[in-house]
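Below: the structure, in structure tokens.
Every number here is computed from the coordinates shown, using simple stated rules; none is lab data. Small disclaimer: the values here were computed from a predicted structure and weren't measured. So basically every Cβ, Gly included, is an ideal-geometry build from the backbone, and we count neighbours across all protein chains shown.
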Amino acid sequence: AQKVTQAQTEISVVEKEDVTLDCVYETRDTTYYLFWYKQPPSGELVFLIRRNSFDEQNEISGRYSWNFQKSTSSFNFTITASQVVDSAVYFCALSERGSGTYKYIFGTGTRLKVLA
Amino acid sequence: KAGVTQTPRYLIKTRGQQVTLSCSPISGHRSVSWYQQTPGQGLQFLFEYFSETQRNKGNFPGRFSGRQFSNSRSEMNVSTLELGDSALYLCASSFGPDTQYFGPGTRLTVL
């Protein structure tokens with residue numbers, strides 16, 4: 001069965017610190033997708049990144065970077081030089097092909113507080 | 001392209017009433033999924049519609065139902081509202097099996 005674990009419930013950092021949000025997943029499929037979403041206080045989930053299971057290349061986008069390691073079933077997210085605007089809840093998600101259709105499952109989220 | 005839109009944004013209902021929420025997906029997206037988000041339970045999958053057919057269903061009672069129209073717009077209905085139905089209801093659309101794009105949500109309060 002598919003499962004996504006975000007063990008960190010809440011993280012507080014001081015502005016300009018680097019922070020890594022952990023995500024561990026379980027799946028039996030060889031083809032799957034992994035995602036990160038950001039949910040600011042307004043409530044809307046904002047898509048950040050997608051990775052498919054065949055692409056283990058790390059990705060960097062500005063201050064954001066993602067480390068995908070199939071060997072440890074992890075897809076971690078690092079924010080470099082954090083800013084107050086990064087304060088939000090971050091969700092990791094997994095999409096795998098079940099019995100004919102893809103199903104999404106979300107982790108429980110990590111609340112990040114960046115203090116000025 | 002316009003993003004996913006949801007109406008209304010806020011709703012206040014009383015126990016026993018019913019409510020209908022609406023979601024318009026991104027143009028060209030045929031899959032619409034609904035989620036319930038509460039502080040205690042996190043993001044819970046309700047159901048997914050594709051080409052007017054329910055394709056997946058989460059573990060919610062029959063009071064929660066949905067439908068999708070030929071233009072891919074979707075509605076979800078909750079009948080006989082309970083206090084525990086107070087939540088943020090999020091709709092997401094996707095083109096294929098990958099990225100879901102979310103709307104701003106409907107915040108439902110049941111008194």
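Quick look at the values:
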item: FRET efficiency, B:Thr109 to A:Thr108 (Cβ-Cβ, R0 22 Å, nearest 0.05); result: 0.45
item: Over the protein assembly as shown: Kirkwood hydrodynamic radius from C-alpha pairwise inverse distances, Å; result: 18.2 Å
item: At q = 0.21, 0.23 Å⁻¹, base-10 log of I(q)/I(0) for chain B (Debye sum, equal scatterers on each alpha carbon); result: -1.11, -1.31
item: Segments B:103-109, B:48-54, B:15-21 sorted - mean Cβ within 10 Å per residue, highest first; result: B:103-109, B:48-54, B:15-21
item: Average partner coverage of A:42-48, which counts Cβ from other chains inside 10 Å; result: 6
item: In sequence order, calculated HN-Hα J values of segment B:61-68 (Karplus, 6.51, -1.76, 1.60; Hz; x Gly/Pro); result: x, x, 5, 9, 9, x, 7, 9
item: Local net charge near B:Leu88, Cβ-Cβ under 11 Å (Lys/Arg +1, Asp/Glu -1); result: +1
item: Pair A:Phe54, B:Ser51: separation of 7 Å Cα→Cβ label points (nm); result: 2.4 nm
item: Kirkwood hydrodynamic radius of segment A:5-116, Cα pairs, Å; result: 14.4 Å
item: 3J(HN,Hα) from dihedral phi, segment A:76-81, Karplus parametrisation 6.51/-1.76/1.60, rounded to Hz, x for glycine, proline; result: 8, 10, 10, 10, 9, 6
item: Projected label distance in nm at A:Phe47 and B:Gln17, using a 7 Å step from Cα toward the beta-carbon; result: 3.4 nm
item: In segment A:1-108, GluC sites (Glu not before Pro) in a DSSP loop with at most 15 other beta-carbon atoms within 10 Å; result: A:Glu15, A:Glu17, A:Glu56
item: Nearby lysines by direct alpha-carbon distance to B:Lys57 (threshold 30 angstrom, same-chain neighbours under 8 apart not counted); result: A:Lys3, A:Lys38, A:Lys70, A:Lys103, B:Lys1, B:Lys13
